[in-house]
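Visitor: Here's a structure for you.
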Amino acid sequence: QVQLVESGGGLVQPGGSLRLSCAASGSYKSIDLMAWYRQAPGKQREFVARITSGESTNYADSVKGRFTISRDNAKNTVYLQMNSLKPEDTAVYYCFANRLGSSYWGQGTQVTVSS
């Protein structure tokens, strides 16, 4: 089993920045993919960004150039640096991990972009 705990969400003004963290514990070794998803009120959960164990990254078109995903394997943590935030980025952000074919989700952290 893998446990994922997100942190770093909050309220920020448009144009501001936040950094989300996701710490993995339990059987965190051999995690080959970690990612961030988000779900806005009344909408389906959507992909935001992902990073492989080899640090290859992919981003949703809506966040390219504004968000950066990274991982610190020594700390078993993945980060999402979010810059130039927009009101439409408001959502609950979820951490995701895939380990040996099994999927794991964190509990989510709220990000609200509003003036």
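Visitor: Under the condition of being open to solvent by 50 Å² or more (accessible area, probe 1.4 Å) and under 14 Å from Tyr94 (Cα atoms), which residue from the stretch 19-38 is nearest to the chain's Cα centre (by Cα)?
Guide: Tyr37
Visitor: In the stretch 88-97, how many are open to solvent by less than 50 Å² (accessible area, probe 1.4 Å) and over 17 Å from Val5 (Cβ atoms)? Walk me through how you get there before you give the answer.
Guide: The first filter runs over the stretch 88-97 and keeps only residues open to solvent by less than 50 Å² (accessible area, probe 1.4 Å), leaving 89-97.
Okay, now just the ones that are also over 17 Å from Val5 (Cβ atoms), so 89-91.
So the count comes out to 3.
Visitor: For Arg99, are the conditions met, namely being under 13 Å from Ala24 (Cβ atoms), charged (D, E, K, R) and touching a residue at least 12 places away in the same chain (Cβ under 8 Å)? Talk me through it step by step, then tell me what you get.
Guide: Values: under 13 Å from Ala24 (Cβ atoms): yes; charged (D, E, K, R): yes; touching a residue at least 12 places away in the same chain (Cβ under 8 Å): yes.
So Arg99 passes the test.
Visitor: Let me ask you something else. Restricting to the stretch 98-115, count the residues that are open to solvent by 40 Å² or more (accessible area, probe 1.4 Å), in a loop (DSSP other than H, G, I, E, B) and out of contact with any Pro (no Cβ under 8 Å at 6 or more places or on another chain). Step through it out loud before you land on a result.
Guide: In the first step, residues of the stretch 98-115 are kept if they are open to solvent by 40 Å² or more (accessible area, probe 1.4 Å); the result is 99-103, 105, 107, 110, 112, 114-115.
Still in the running and in a loop (DSSP other than H, G, I, E, B): 100-101, 107, 114-115.
With the extra rule that they be out of contact with any Pro (no Cβ under 8 Å at 6 or more places or on another chain), the set shrinks to 100-101, 107.
Adding up the residues that qualify gives 3.
Visitor: Pick from Lys29, Lys75: which is of a type in the set (Lys, Arg) and without any contact (Cβ under 8 Å) to a residue 24 or more places away in the chain? Explain how you work it out, then say what you get.
Guide: Values: Lys75 fails: without any contact (Cβ under 8 Å) to a residue 24 or more places away in the chain.
Among Lys29, Lys75, only Lys29 is of a type in the set (Lys, Arg) and without any contact (Cβ under 8 Å) to a residue 24 or more places away in the chain.
Visitor: Is it true that some residue in the stretch 79-87 is open to solvent by 50 Å² or more (accessible area, probe 1.4 Å), of a type outside the set (D, E, K, R) and either assigned to a strand (DSSP E or B) or in contact with a Leu (Cβ under 8 Å, 6 or more places away or on another chain) (or both)? Explain how you work it out, then say what you get.
Guide: At the first step, the residues of the stretch 79-87 found to be open to solvent by 50 Å² or more (accessible area, probe 1.4 Å) are 81, 83-84, 86-87.
Next, from what is left, pick out any that are of a type outside the set (D, E, K, R): 81, 83-84, 87.
Keeping just the survivors that are either assigned to a strand (DSSP E or B) or in contact with a Leu (Cβ under 8 Å, 6 or more places away or on another chain) (or both) gives 81.
For the stretch 79-87, residues open to solvent by 50 Å² or more (accessible area, probe 1.4 Å), of a type outside the set (D, E, K, R) and either assigned to a strand (DSSP E or B) or in contact with a Leu (Cβ under 8 Å, 6 or more places away or on another chain) (or both): present.
Visitor: A further question follows. Would you tally the residues in the stretch 42-72 being open to solvent by 50 Å² or more (accessible area, probe 1.4 Å) and farther than 18 Å from Gly106 by Cα?
Guide: Residues in the stretch 42-72 being open to solvent by 50 Å² or more (accessible area, probe 1.4 Å) and farther than 18 Å from Gly106 by Cα: 14 in total.
Visitor: Let me ask you something else. Would you check which residues across the stretch 1-56 are in a loop (DSSP other than H, G, I, E, B), among the hydrophobic types (A, V, I, L, M, F, W, C) and closer than 23 Å to Ser102 by Cβ and list them?
Guide: Our first condition is that a residue be in a loop (DSSP other than H, G, I, E, B); within the stretch 1-56, this holds for 1, 8-9, 13-17, 27-30, 40-45, 53-56.
If we keep only those that are among the hydrophobic types (A, V, I, L, M, F, W, C) as well, we get 40.
Across the stretch 1-56, there are no qualifying residues.
Visitor: Now for a separate question. Please go through the stretch 6-21 and give me each residue that is of a type in the set (Ser, Thr, Tyr) and over 13 Å from Pro87 (Cα atoms), ordered by number. Spell out how you get there, then give the answer.
Guide: As a first pass, look at the stretch 6-21 and keep what is of a type in the set (Ser, Thr, Tyr): 7, 17, 21.
The answer is Ser7, Ser21.
The values are calculated or read from the model by the stated rules, or taken from the named source; none is laboratory data. From a predicted model like this one, the values you see are computed outputs, not experimental measurements. We place every Cβ from the backbone using ideal geometry, glycine too, and count neighbours over all the protein chains shown. Accessible surface is based on the protein model in full, side chains and every heavy atom, while ligands, DNA and RNA are left aside. Shrake-Rupley method; radii C 1.70, N 1.55, O 1.52, S 1.80 Å.
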